[in-house]
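The values are calculated or read from the model by the stated rules, or taken from the named source; none is laboratory data. Not measured: the values here are computed from a predicted model. Backbone-built Cβ (ideal geometry, glycine too); neighbour counts: all protein chains shown.
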Amino acid sequence: MKMSMGRMGARWLGLTVGSVALAASGAAYAELGQPAPWEFRLQEAASPVMEQITWFHNWLLWIISIITLFVLGLLIAVVVKFNARSNPVPSRTTHNTLIEVAWTLIPVLILVGIAVPSFRLLFLQLDIPKADLTIKATGKQWYWSYAYPDNGKFEFDSLMAQDKQPRLLGVDNEMVVPINKVIRVQTTGADVIHSFAVPAFGIKIDAIPGRLNETWFTATKLGMFYGQCSELCGKDHAFMPIAVRVVNDQEFAAWVETAKKKYASNPANSFASVGTAAQ
Ligand SMILES: [Cu+2]
């Protein structure tokens, strides 16, 4: 199969432009709160932090695509225009002030254009606003326990439910949060290091024994949101999903009342037991 350089370049260009356009276009294949078949984009955002992460991801994708296409264009120009046959007498030019200033200045400007939103995002993630609700998530081999110290101090275990959908993500007892409230998530590990991650909220934080880490999110959409332990923690690492149900204020208040009764008899339901809970 013979293909001219120009045509091959055009093909690659088409392919790259196509991929970038597809990746940057709307919500193709995205499903709220959980992965979808053939999904290659980030999950649909359901918190301000995740919206910023998605924006930053797309911003970087545009920058890197333009740079790659530009370098590809330069390489093609060199190959086509300056090979020994089409350019038998090479130029002896060694300096060009304009180009030298440009190839120093433009990369600096690109890096500034990356650094500014990058730091803005970092501060948004790490500067935890005043919380409306605190939830403590304890990673255990191999499930999560959620404690609600603000709402009558109850704690319950959340284990993967084999019969629930989506497969490997459904749990028996979901973590429940109210919509549009600042939720502070504190994490710790009872045995080994786990990691609490929910893609749609843009959170991922290690749960380390003997240490209390914290992060935050504000859920801006109602529904179910799934995540997984994201630190290799042993044989059932893949089977300790995180399921968060976002409800409105009234539903949350009602759930708290039921939860207090439902989990009152939970043997693991003692704040002192965190870290020594039975496996
Ligand atoms: Cu784990």
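Couple of notes before you dig in:
- Residue check, residue 114 assigned to a helix (DSSP H, G or I) and either under 23 Å from the mean Cα position of the chain (by Cα) or assigned by TED's automatic domain parsing to the domain that holds residue 57 (or both): yes
- Screening the candidates 181, 204 for the property of being over 21 Å from residue 35 (Cα atoms) and of a type in the set (Lys, Arg) yields one hit, 181.
- Residue selection: residue 180 fails the criterion of being over 26 Å from residue 232 (Cα atoms), buried (at least 16 other Cβ atoms within 10 Å of the Cβ) and assigned by TED's automatic domain parsing to the domain that holds residue 199.
- Residue 196 vs. criteria away from the ligand (no atom under 12 Å from the Cβ) and either more than 21 Å from residue 263 (Cβ to Cβ) or surrounded by 19 or more Cβ atoms within 10 Å (Cβ to Cβ) (or both): no
- Residues within region 202-226 that are among the small types (Gly, Ala, Ser) and crowded, with 18+ Cβ neighbours inside 10 Å, tallied: 3
- Residue list for region 208-218, filter: more than 21 Å from residue 122 (Cβ to Cβ) and within 12 Å of the ligand (Cβ to nearest atom): 209
- Of everything listed in (1) within 27 Å of residue 128 (Cβ to Cβ); (2) away from the ligand (no atom under 16 Å from the Cβ); (3) at pLDDT below 95, the single unmet condition for residue 274 is (2).
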